[in-house]
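Undergrad: Take a look at the following structure, please.
The values are calculated or read from the model by the stated rules, or taken from the named source; none is laboratory data. The structure displayed is predicted, hence computed values, not measured ones. Here Cβ is always computed from backbone atoms with ideal geometry, including for glycine, and neighbour counts include all displayed protein chains.
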Amino acid sequence: MHRQKWVAGVAATITGDVADEHTSIHQWCHKDLFGERIAPGNPEHSIMSPLQAFLHMMPPAQLSLMLELTNERLVEKEKQEMTRQELLRWIGVCVLIAAINFRGRRRNLWEGGGAPSKYLPSYDLRVMGMSRNRFDDIWYAIRWSRQPPEQPHGMSSEQYRWMLVDNFVDNINEYRARTFVPGGHLEADESIIRWYGVGGSFVDAGIPHYAAIERKPDNGAEIQNLADVAIVKSAAEEEAIAAAAAADEDNDEEVAADEGGKGTWVLSELVAPWRDSGRLVTADAYFASVEAAVKMKEAGLFFIGNVKQCSRRFPMEVLGNATLPKRGCRSVLASINDDTGETELVAIAWVDRNRRFFITTTCGLGKGERIQRKRLCQLDKSGRAPPDKVVIEVAQPKAIAKYYKGAGTIDRHNRIRADELRLDRNLGTRHWDNKRFNLGVLGIICVDAFLFFQQVVSANNRMTSCLEFFGRLADELVDNQEGIRIMRAAADPGACGRQSR
């Protein structure tokens, strides 16, 4: 690795800078099984149904694997095997239970009870064609990934337990890389699958990786994601197993979190399908570091990151002591390649409410869009006048403006999944693996389908809310006709005979 030198000065441009027009030439699209590109503005897909959107987002290989593994368990328990149609119906029942936010005993849904008030109608799921006993049979038999009955010799307990979700995550990653073409701006961030049961690196039981972070709304398993900012759609999900295993097993100083080692490795895995594409990647604390910026540059991608704990090789002390008297002020250092003399990296300290640090390989320090905040301000101090409405403007460099354009993309996806759909919350279970974690990943796919649907269909066919979409999706999953061959009614032989005479 060549040496880098940080020098003071205003680096207005960076070698290999990217303009807004360059990132905008990448139009996102989804490729179906026949290679046809589905994107906004295509009239052929303007009347797509929620079920069709879900099937576009759900890997077909995963449905086949779930059907195979679950039928093996059903046969062992001497229960009737299920079909692909019944599997989709079972998923529809799960989505429906989550969408109605039912928190009582699940059996009440099939018994006409459980209404929260005498003024509200009771639920009765018997009309859906799946009895409570059949739902429970599939619930206890469902398997999402292949795990051998006994732990293989030489495999750690963590790796063996992660096998319960490995195939599901791998199938999603492979399917997204093969069928989804992202736009020009990608964001990396984390998601949490809620779990408060047994688990962690200190015990060989339960969830292998347990994260309890104060700033996060929930405890549980952490997943690293990459999302397309244009569609707010998970372009790929990096396998939580890999990141969690690194966190649990590699505790030596060589891969300490403040060196950016694990975050950089995970980010490299996330962006691997789109190397050398010239796209822009923005990332927050877990991923953002000088090392990550260099790796993204080597991978043919541009990078902007908000540096927090991963400060190795970053001029944190110098920028932290720089005088920034008011909001919008900045201090800049540039990293120069000794061999070529070119500006490779720019480190920025910028102050808004507090001081923030950024590392970038693109956009430079050109003027970005100014932040405008509407506030009430008491300009008249006489005590007799109401407060005035004022607009506070904060200047920001172009690189920081680009960063905040994508910031919060995955957070919005997480809020829809955790607060609106609540698939992994409303279906209570004590099993982290085949229920809680995998239902959380299924929830990610459902939110992907909603965002995909909103972008592709025509304006008059869009849902007014995500809850309306999930309700219609549940209806169509329950009523699906997958695997049923539609045949014409046979003619009356007698009539044919009479006709021939």
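Undergrad: Kindly check whether there is at least one residue in segment 140-157 that is touching a residue at least 40 places away in the same chain (Cβ under 8 Å) and aliphatic (A, V, I, L, M).
TA: yes
Undergrad: Next question. I'd like to know if segment 144-151 contains one or more residues that are closer than 16 Å to residue 437 by Cβ, of a type in the set (Lys, Arg) and in a loop (DSSP other than H, G, I, E, B).
TA: Yes, some residue in segment 144-151 is closer than 16 Å to residue 437 by Cβ, of a type in the set (Lys, Arg) and in a loop (DSSP other than H, G, I, E, B).
Undergrad: Counting only residues that are out of contact with any strand residue (DSSP E or B) (no Cβ under 8 Å at 6 or more places or on another chain), outside any loop (DSSP other than H, G, I, E, B) and not aromatic (Phe, Trp, Tyr), which one in segment 33-56 is farthest from residue 143 (Cα to Cα)?
TA: Filtering first and then ranking leaves 43.
Undergrad: Could you give every pair whose Cβ atoms fall below 6 Å, whose first residue belongs to segment 254-273 and is polar (S, T, N, Q), and whose second residue is modelled with pLDDT of 90 or more, counting only separations of at least 6 or pairs across chains?
TA: 264/291; 264/292; 264/295; 268/295
Undergrad: Which residue, of 48, 66, is at pLDDT 95 or above and farther than 30 Å from residue 296 by Cα?
TA: None of the others qualify; the one that does is 66.
Undergrad: Could I ask something else about it? With the condition kept exactly as written, say whether any residue in segment 67-81 is within 27 Å of the chain's Cα centre (by Cα) and in contact (Cβ under 8 Å) with a residue 24 or more places away in the chain.
TA: Yes, there is a match, as at least one residue in segment 67-81 is within 27 Å of the chain's Cα centre (by Cα) and in contact (Cβ under 8 Å) with a residue 24 or more places away in the chain.
Undergrad: On to the next question. Which condition breaks for residue 158 when tested against (1) at pLDDT 90 or above; (2) in a helix (DSSP H, G or I)?
TA: Every listed condition holds for residue 158 apart from (1).
Undergrad: Within segment 467-484, is there a residue that is closer than 29 Å to residue 87 by Cβ, modelled with pLDDT under 75 and of a type outside the set (D, E, K, R)?
TA: Yes, because at least one residue in segment 467-484 is closer than 29 Å to residue 87 by Cβ, modelled with pLDDT under 75 and of a type outside the set (D, E, K, R).
Undergrad: Could we say that residue 134 is part of a loop (DSSP other than H, G, I, E, B), surrounded by 13 or more Cβ atoms within 10 Å (Cβ to Cβ), out of contact with any strand residue (DSSP E or B) (no Cβ under 6 Å at 6 or more places or on another chain) and modelled with pLDDT of 90 or more here?
TA: no
Undergrad: What about residue 449, is it under 17 Å from the mean Cα position of the chain (by Cα) and farther than 16 Å from residue 139 by Cα?
TA: Yes, satisfied.
Undergrad: I'd like to verify a number: residues in segment 215-232 that are over 14 Å from the mean Cα position of the chain (by Cα) and of a type in the set (D, E, K, R), how many?
TA: Qualifying residue count, segment 215-232: 3.
Undergrad: Further question: Filter segment 365-386 down to the residues that are touching a strand residue (DSSP E or B) at 6+ places or on another chain (Cβ under 8 Å), surrounded by fewer than 20 Cβ atoms within 10 Å (Cβ to Cβ) and touching a residue at least 24 places away in the same chain (Cβ under 8 Å) and list them by number.
TA: 366, 367, 368, 370, 371
Undergrad: Of the residues that make up segment 228-236, is at least one crowded, with 18+ Cβ neighbours inside 10 Å and at pLDDT 85 or above? Break it down stepwise before answering.
TA: Within segment 228-236, the first condition is being crowded, with 18+ Cβ neighbours inside 10 Å, and the residues that meet it are 228-236.
Among the residues that remain, those that are also at pLDDT 85 or above are: 228-229.
Yes, segment 228-236 contains a residue that is crowded, with 18+ Cβ neighbours inside 10 Å and at pLDDT 85 or above.
Undergrad: Can you list the strands (runs of 3 or more DSSP E) lying wholly within segment 333-432 that have 3 or more residues being of a type outside the set (D, E, K, R) and out of contact with any Lys or Arg (no Cβ under 7 Å at 6 or more places or on another chain)?
TA: In segment 333-432, 343-351, 355-360, 371-377 are the strands (runs of 3 or more DSSP E) which contain 3 or more residues that are of a type outside the set (D, E, K, R) and out of contact with any Lys or Arg (no Cβ under 7 Å at 6 or more places or on another chain).
Undergrad: Of the numbered conditions (1) surrounded by fewer than 17 Cβ atoms within 10 Å (Cβ to Cβ); (2) modelled with pLDDT under 90; (3) farther than 21 Å from residue 407 by Cα; (4) touching an Asp or Glu at 6+ places or on another chain (Cβ under 7 Å), residue 300 fails exactly one; give the number of that condition.
TA: Here residue 300 meets the rest and fails (2).
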